[in-house]
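Please treat every number below as a calculation from the coordinates, not as lab data. Remember, predicted model here, so these are calculated numbers, not experimental data. Because the Cβ atoms are built from the backbone with ideal geometry, glycine has one as well, and the counts that use them run over all protein chains shown.
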Amino acid sequence: MAALVVLDAGVQTTVQDAEGRPGYWSVGVPPSGAYDQLSFTLVNTAVGNGHLAAGLECVVRGPVIRLEADRLVCVGGGAHEATVDGRPLPVGEVRRVRAGQVLDVGPIAGAGMRGYVAVRGGIDVPRVLGSRATFILGGFGGLEGRPLQDGDLLPLGGEENLLAPVDVAELLPPMDHVWTLRVIAGPHGAPEYLTAPGLEELFGTTWQVDHRADRTGIRLVGPTPQWSRTDGGEAGLHPSNLHDSAYPVGGIMLSGDTPVIVGKDGPSLGGFVVPAVVIGADLWMLGQLRPGDTVRLLPVVPEVAEEAVAVRRDALEALRPCAGVMKPRRRHRAILADLPATGTERPAPLADEPAAGSAPAYTIRRSGDRHLLVEAGSAELDLTVRVWIHLLARALRAEAPTGMTEVVEGVRSLLVAVDDDRLALADLAACLVRLTADLEDPETVVLPVREVTLPIAFDHPEAHEAMRRYATSVRPDAPWCPDNVEFIRRVNDLDARDEVFDVVSRATYLVVGLGDVYLGAPVAVPIDPRDRLVTTKYNPARTWTPQNAVGIGGIYLCVYGMEGPGGYQLVGRTVPVWRLIAEQPDRDPQPWLLRQFDRIRFEPVPAEELARLRAEIKAGRADLRTRPATFSIAEVRAIEDEAADQIRSVRSRRRAAFDAERERWVS
């Protein structure tokens, strides 16, 4: 078997491919794949591999590997000190490495953060959800879902029907410590979220890359955002909070007061404002940003982004002649002098429709150059709007326009991603407007759903461990420290701490989003407004949350799909909501165990019993407890009519407690 042996795995080396696993953003599975996709694609092309071939990505210190068969190799990115049997191997140079020879990628020193290794034939590990890319946090893809270890053996693919090697050295992007990222302003901006001077400051600041920069996201250090509002209302106490909406990769979300650029392993859905999105042609830079580097955000108009990616695409296609026939070259504008070079203002909406009939008012805006964001209704939670968004998403999936790659439902929004070489955003917007005309009335729709009973251990030790770590290493003076549940009691004007658990136990939660914190994690809201506890998200976020922790942020409840960072106030822990059993590929054709509009009821159990149930479900020996049910807006209207006075009283009392808490922060 043609293979390579890992003699020294380096700091963190993973198997990645160029495309990753698109199509699962709607359930919280990130695309993964090479962070610096440009460098990876070029070195793969250099050795004659196809665009789906897998290679190696390394950070800080690359691996030492021995090839067990003769193969062409090429390195790129920040791998400037690679050697083969002690002889330098410059980036971009294709070299035949003989069986038994040793490739030492060396340190990723100087400029750049990641190095790449391509071997002719590619790394032949199994595909998981359509890709060989490693997603470390999720524990799948690549080699057993983990970074490589000393002694690992990686099989290589065959060399049949591959292309001839090509010289890519001059096309490899330069590494630096000073970066300019071109962005498109919006979808969120001034004056709704930021002040006009605040937006100018965002684009005028030289930001520094924080030490917490990884594949999930790039945190930037700089001035505090200038907000135009005091809080996020029902979405949370901080002005950065909004009703959960999907992010594009490259979206710059304001997580509290910290800008974070969403990475290849980042979250798909969350409740933070996105004032700008990195253009597609510059996404490769995210993989090379090193802590301490400086970054400027340069806003450009959409035409500049479209031209940049078209030029890049032509350059790559020119390296891959298909059966000797070159694709026709596009005509590019040599000079964009008649276009404004920058666009600090958001591009005009592609649609801005008032409420009509059963349809709410909605806007369609660009979210970068490869995504559209539909936002409907007002900033307050309206389950009628949520059902309308669901009906629109269902109609769009049925239409399936060529070039559409992702459809992600938010609480009052819909994010749609495209292959911009096959589908223009303006054409997609026109399709969406057309589809809205034929949607059913959300007030009359009855959705077939499931009622799901989840066991929960309140005050779980792992939840308190997350609180303890946060208070120790992140922000000990935060008002939610040392006890999240006490904070929830206080901001909701409850008399006793256990009343928080009483509310969670009696409520019926409606799933209004999936993937909020990865891997099928539900974001849910109580159907009865009286059960909607209001709180805020951590600012800054936690660095660690136990898998399947249950938390509340704004009026929403979430079950964490996997271990990782997070911001919801924790109340307990439940069973897995994601299960991918590699040994039983037919056991769960959908590894996400919850669905949109599932009705969730929580059943308290001791921590010891929860441990047993978790193990049973994770192993596939048991499933979630479900039964058929329905959901309709008529049910909500009946509750609102029968308990109108009580609902108003509860909301007023909680709002007063909410405001009092904010005043305590100020004082």
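Axis angle, to the nearest 10 degrees, between helix 461-473 and the longest C-alpha principal axis of the chain: 70 degrees. Residues Ile639, Ile108, Ile633, ranked from the fewest to the most other C-beta atoms within 10 Å, line up as Ile639, Ile633, Ile108.
In this simple spin-label model, placing a label point 7 Å from the Cα along the Cα-to-Cβ direction at both Asp419 and Asp495 gives a separation of 6.3 nm. Backbone phi angles across the stretch 592-600, fed through the Karplus curve with coefficients 6.51, -1.76 and 1.60 (θ = phi - 60°), yield HN-Hα couplings of 7, 8, 10, 10, 4, 6, 4, 9, 9 Hz in residue order; Gly and Pro are listed as x.
Take the alpha carbon gyration tensor of the stretch 197-249, find the square roots of its eigenvalues, order them as a ≥ b ≥ c, and report rounded if a/c is under 1.5; if not, report prolate when a/b exceeds b/c, else oblate. It comes out oblate by the Cα gyration axes. Distance between the C-alpha centres of the stretch 605-625 and the stretch 69-125: 46 Å, rounded to the whole angstrom. Each Cα pair under 8 Å and six or more residues apart adds its sequence gap; the mean of these over the residue count of the chain is a relative contact order of 12 percent. When each of Trp665, Trp227, Trp480 is scored by the number of other beta-carbon atoms lying within 10 Å, the sequence from fewest to most is Trp665, Trp227, Trp480.
Helical runs assigned H by DSSP (4 residues or longer) give the chain a calculated mean residue ellipticity at 222 nm of -6500 deg cm²/dmol, each run adding -39500 (n - 2.57) before division by the residue total.
Among Met113, Met404, Met1, the ranking by other beta carbons within 10 Å of each residue's beta carbon, starting with the fewest, stands as Met1, Met404, Met113.
Calculate the length of the line joining the C-alpha centroid of the stretch 339-414 to that of the stretch 25-43, in whole Å. A separation of 25 Å, based on Cα centres.
Against the main long axis of the alpha-carbon atoms of the chain, helix 607-619 sits at an angle near 40°. Per-peptide packing, taken as the mean over residues of other Cβ atoms within 10 Å, places 365-376, 213-224 in the sequence 365-376, 213-224 from highest down.
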